[in-house]
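The values are calculated or read from the model by the stated rules, or taken from the named source; none is laboratory data. Quick caveat, the model's predicted, so the values are computed rather than measured. When we count neighbours, we look across all protein chains shown, and the Cβ atoms used for this are built from the backbone with ideal geometry, even at glycine. Ligands, DNA and RNA are stripped out before the accessible areas are found, and what is left, the full protein with its side chains, is counted by its heavy atoms. Shrake-Rupley method; radii C 1.70, N 1.55, O 1.52, S 1.80 Å.
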Amino acid sequence: MLVWDDALLREPERLAAVDRARRVLMSDGLPLDEVARLAADLLGAPTATITLIGDAQERVLGAHGPQTGDGPLTPIAETFGGYLIGAGHALYAGDTTIDGDPRVREHPLTRAGIRALAAVPLCDAENRPVGAFTVLDTRPRYWGDPEVTMLTSVAGLVTTVISREISTAATFDSEQLLDSVQEAFLAVDVDGRIRVFNRAAQELLGFTSDEVYDRHLDDTLQPHYGDQPIAAALERLFTARPRRPVQRAVSVRRVDGSRLDTRAALSVIRSAAGPLACVLLTDLSAQTAAEDAADRHRSFLTALLDSLSVGVIACDDTGRPIVINRALREVHHLPDDDRILDDIPVTTTGVLFDTAMRPLSWEETPLMRAYRGEHLTDADIVVHTGDAPTRTFTTNGQPIIGRDGRQLGAVVAAHEVTALRRAQRFRDCHRRVEEILHGAPSIGQGAPELLRAVAGTLGWPYAELFVVESATGQLRAVGHHCDGDEPDGFFGHTPIHGLGITGTVWETGQPLWVADVSEGEDPGTEYERERAAVYARHGVRTILAVPVRDGGTLLGVLTCYAGSPEVGEDLLTVLLDGVAAQIGVYLALRRAEEFARQLARAQDDFVELIGHELRTPLTSINANVTIIADEAADLDPELRQMLETVARNTGVLQKLVDTLLDLAGLESGHDKLDITRIDLAAVVSDSLAAARAAATDRGVLLHAHLDDQLLLDGDGRRLRQLVDDLLSNAVKYSAAGGSVDLHLRLHGATAELTITDRGIGIPTDERPSAFARFYRASNVRHQGVPGSGLGLSLARAIVGLHHGTLTLDDNEPTGTIARVRLPLPG
């Protein structure tokens, strides 16, 4: 965190130390520009500065590379010196434009193009911060331990001078100064003799300073620089005097005779004794071992990641992709070559989409979102490349944070969920299809919306529904859907049984999947050639057709068309079969309803036929028989018996016709109720009195439990007809010696009439049909009990017109309970 401490900046003791450090450094002769260049070259940065920090300005004493200010004095607000003094320790920024502190992101140096910086404080002997050693870069970078150590070591050259001179005012001792440097350092004159050999070099190679001082390199370290003699290499170095240190791999001899592989940073500086070749040696043995271990770890990690079925991609602290495993390469059709990593932001453009199929820019991808600090959980993206099928992946990602709290990069894992998401969409589609069919008055009116839902779920451009006509048995289209403009000649064709995709499903009754219609065999008939040309003209590749059935009966065919080759035949077939089954149930119900309507119309026509065609002849027959019977006193007894039989049967037919017409009139609404306020108890009492004679004849006892009065609004004549029919049935189907109980009472807001007998009852599985016209239970037919099967139909019609209910229940162990409930006034 950045700290600005005005009090510390203006502290008199610190400012005095700054002034002393300026005088010492300017008079000492230490080539500060060369030291700055050495640091910049060692760290591979374009700019390095050595500055002293006052209370309002920062003074540049040594610099290398482009200047960051207008002169040797720079306002402290335009540098990071004030923050360095306040922090009291080193400051690092890998990318100033995305740093977590807005003061870094908006700093003048950031606006001037500085993207990375590393700064260490320069302190005196009292550990007072007086200046800064700063390395600047115009590109983002990661400051690793080697870079930090190297900068600290070079800064130690300056810190030692400041510390020693201020505390003792002694003459500058270069060997003591260099002994404080952590890197192995030696200096060689133009003759190849060692003039400086610091303590770190002694520890690294085992020689003492006295053993190597003023001795030639070939007599001591015996450096191997390829096949060239070291003298020639030194001569070229002194001649060229490069502005940047030269990096070379050099093998040197230890005191025990073993060889050590090092990396040497060589540069030339001026000194009182003439030019010196400065050499910083870095032990490569540990680095080589670390690199070998890193290679092993990298190989292990690569093998591990490539063995995963989950796609993995990661980036470094600059946002550059550095890892992409085999699974994700295959998704994007990328070669197994790390050189393509830099091209990933370009290769994914136009390939990645959100779930609404909106293209994602590289900055909107899950990896870049994780790089910016987001923690992603189950974030879906869609991948569509060329003619390949569209695939859906769920992604999880997060930034990678080091132990020191710095962000090292980001990683994202992608798991394919195409089948799962498609199944989820089809579950929603099934619900939508159910809603559409529930509200559709006909399949023709519901088909367009239904097909839109199916095609949208599949992500396919075209869908069509065909239905078998009941009258002709032919397959005809009842609806279609297309994305965009209507395709010319695509819809409206009549399938041919056994030909083409739809015609084949019509013939076989089995689903048909064509993975790529453009690669099929040459069509055999003119009709099939025409359809193939239509598919080619409109870019159709995959076709799936499924039968629409009701049990074993084929009712139609659902055909869907994709614009690219698709996969997942089994899954898509099962899912589309589910939609076809919903359509089949709808069609079967609609056909059953139509059949029921036709049957009802036939029954009504039959009733009308009986009423109008039989009533008049029966009336005439009954009148003539009655006249003959009145004058039959002189007739033969056998003839008189025949006339009585004719009269009796004519009356039965007359009653049947009257009942049919009565029922038809009530159900059609032609016969209206005459609603008045009536006493239902009186109606039931009158019916009960009329039924006692028939009950007595059959030996059946009637038991009544009635309230004195029960008023309601109703048609007295029709309610008497209702009670008469129910009592008649109860008596008729009771055995001799049996009984019938009648109860009339208030039941909440209704009047409840129950008539209970102990007769033969109604079979449980036949009870739902008991109210149908002409229906007679099987046990009644087997016992030969006469009847028309119209009584309960008429009773239900009367109760329904009174807004009541009529139910039939078992009376254990035998018999039936007829229960009528009628609403009371109000």
With every protein chain in place, what's the accessible area of Y535 (1.4 Å probe, Å², nearest 10)? 20 Å²
From the coordinates shown, Cα Rg over 2.2 N^0.38 Å corresponds to which of (1) 1.95; (2) 1.03; (3) 1.86: (3)
Starting from the Cα-Cα distance between E486 and H803, subtract it from 0.36 nm times their residue separation and give me the gain in nm to one decimal. 108.9 nm
Kindly state, to the nearest 0.05, the FRET efficiency for Q654 paired with R537, given R0 = 56 Å and r defined as their beta-carbon distance. 0.15
How much FRET efficiency would the formula 1/(1 + (r/R0)^6) give for D292 and I322, where r is the Cβ-Cβ distance and R0 is 22 Å, rounded to 0.05? 0.65
Grab the DSSP H runs of the chain that are 4 residues or longer, score each as -39,500 (n - 2.57), total them, divide by all residues and round the 222 nm result to the nearest 500 deg cm²/dmol. -13500 deg cm²/dmol
Net charge near G86 (other residues with Cβ under 11 Å of its Cβ; Lys, Arg +1; Asp, Glu -1) is -2
Any idea of W362's accessible area? Nearest 10 Å², probe 1.4 Å. 40 Å²
Past the 20 angstrom mark, what percentage of all C-alpha to C-alpha distances in region 202-326 do you count? 60 percent
At 7 Å along the Cα-to-beta-carbon direction for both E203 and D428, put a label point, then send me their distance in nm to one decimal. 6.6 nm
Kirkwood Rh over alpha-carbon pairs of region 327-466 plugged into Stokes-Einstein at 10 °C, 1.306 mPa s gives a D in µm²/s of 90 µm²/s
Which of the peptides 816-826, 373-383 is most tightly packed, and how do the rest follow, going by the mean number of other Cβ atoms within 10 Å of each residue? 816-826, 373-383
Pairwise label distance in nanometres, V255 with L639, each label 7 Å out on the Cα-Cβ vector: 16.3 nm
Using a probe radius of 1.4 Å on heavy atoms only, what accessible surface per residue do you get for the chain? Whole Å² is fine. 50 Å²
Taking Cα atoms, how many degrees apart are the long axis of helix 791-801 and the longest axis of the chain, rounded to 10 and kept between 0 and 90? 60 degrees
Packing rank of 103-112, 185-194, where each peptide gets the mean count of other beta carbons within 10 Å, highest leading: 185-194, 103-112
Give, as ranges by residue number, the residues of region 291-314 whose backbone N falls under 11 Å from the point 7 Å along Cα→Cβ of L341. 314
Going by average Cβ density within 10 Å per residue, which order do the peptides 584-591, 35-42, 690-697 take, highest to lowest? 35-42, 584-591, 690-697
Ordering K672, K732 from largest to smallest accessible area (1.4 angstrom probe), what's the sequence? K672, K732
Given a Förster distance of 60 Å, the FRET efficiency implied by the Cβ-Cβ spacing of L571 and R406, rounded to the nearest 0.05, works out to 0.85
Helix 12-28 sits at what angle to the longest principal axis of the chain, using alpha carbons and giving 0 to 90 degrees rounded to 10? 50 degrees
With every protein chain kept in place and a 1.4 Å probe, the residues E147, E644 fall, from largest accessible area down, as E644, E147
Multiply the residue separation of I621 and R139 by 0.36 nm, subtract the distance between their alpha-carbon atoms, and state the gained length in nm to one decimal. 161.7 nm
Sticking with the crude label model, points 7 Å out along Cα→Cβ, report the distance from Q182 to V646 in nm, one decimal please. 13.6 nm
What angle, in degrees between 0 and 90 and rounded to the nearest 10, separates the Cα long axis of helix 526-537 from the longest principal axis of the Cα atoms of the chain? 40 degrees
Accessible area (Å², 1.4 Å probe, nearest 10) - Y83: 30 Å²
With every protein chain kept in the model, how would you rank L499, L304, L360 by accessible area, 1.4 Å probe, largest at the top? L304, L499, L360
Heavy-atom accessible surface of region 358-466: percent carbon and sulfur, 1.4 Å: 52 percent
Excluding E330 itself, what net charge comes from residues whose Cβ is under 15 Å from its Cβ, given Lys and Arg +1 and Asp and Glu -1? -1
Along the Cα-to-C-beta direction of E469, a point sits 7 Å from the Cα; which residues of region 483-522 have their amide N less than 16 Å from that point? 492-497
Around D306 (Cβ within 11 Å, Cβ-to-Cβ, excluding D306; K/R +1, D/E -1) the net charge comes to 0
